Amino acid sequence: MIERIVDLWEEPCDARCITTNGTIKRANQLVMGAGTAGQAQGKFSRFPVVAGLAVSLHGNHVFPFSPEELREPSIFGEGYKETAKWLITFPVKHHWYEIADIELIERSAHELMHVIDRLDLEKVLLPRPGCGKGLLSWDIVRPVLSPILDDRVWVINKE
């Protein structure tokens, strides 16, 4: 893995990972109120519905979505222009109100590498998982991710 200080939404890439939880609310919507999930919901209004359906059907796992399947058509034009080919959920919590689960982060990292291989991606941005709203320290998360993620994954921080 490569560590960089870049903006998740500005850096060109093949995919952007969105850290998520496994909590489903009304109408099978995934809870996406804060952090990168909240930002993604603001850019892709269908994200909570599409991701919620995936989690409802298959569990709290890594799922890739194309921006086209996440954006609702608008009579006001394009709005936000996505430059990545994929948005990928990266579960860090089982429930939105919990702290991040390091074992779930480890499993998500393995699943992410399978998605990267399957989709033949070259550059994937991953915000430090579990280190924002998940309340974990990067000193705890980094040693878990380092042996799993290769240099196609940029673990990013915006400091």
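Under the simplified labelling scheme, the ALA34-TRP138 pair shows an inter-label distance of 2.0 nm, with each label point 7 Å from Cα along Cα→Cβ. A cut-off under 11 angstrom between Cβ atoms defines the neighbours of LEU104, and their net charge, with Lys, Arg +1 and Asp, Glu -1, is -3. Please identify the helices of the chain, taking whole runs of DSSP H, that span at least 24 Å along their own axis as judged from the Cα atoms and have a mean Kyte-Doolittle score of 0.0 or higher. Counting only whole DSSP H runs, the qualifying helices are 102-119. Extension gain for the segment ILE99 to ARG46, taken as residue separation times 0.36 nm less the Cα-Cα distance, is 16.5 nm to one decimal. A helix-only calculation puts the chain at -9500 deg cm²/dmol for mean residue ellipticity at 222 nm, using -39500 (n - 2.57) for each DSSP H run of at least four residues, averaged over all residues.
Exposed loop sites, defined as chymotrypsin sites (Phe, Trp or Tyr not before Pro) outside DSSP H, G, I, E and B with at most 12 other Cβ atoms within 10 Å, are absent from the longest region of the chain, namely 1-75. Applying the criteria of a DSSP loop state and at most 11 other Cβ atoms within 10 Å to the GluC sites (Glu not before Pro) of region 1-73 yields GLU10. Springs between Cα atoms under 10 Å define the GNM used for the chain, and in it the highest mean-square fluctuation of GLY22, GLY38, GLY59 occurs at GLY59.
Dividing the convex hull volume of the alpha carbon atoms of the chain by its residue count gives 105 Å³ per residue. When DSSP beta bridges are restricted to pairs lying wholly in the chain, around 20% turn out antiparallel.
A Cβ-based charge dipole, computed about the Cα centre of region 2-157 with Lys and Arg at +1 and Asp and Glu at -1, lands at about 500 debye. Contact order for the chain, expressed relative to its length and based on alpha carbon pairs under 8 Å spaced 6+ residues apart, stands at 34 percent.
FYI, it's all coordinate maths here, none of it is from the lab. All values derive from a computational prediction rather than experimental measurement. A quick note on method: Cβ atoms are made from the backbone with ideal geometry, for glycine too, and the neighbour counts reach across all protein chains shown.
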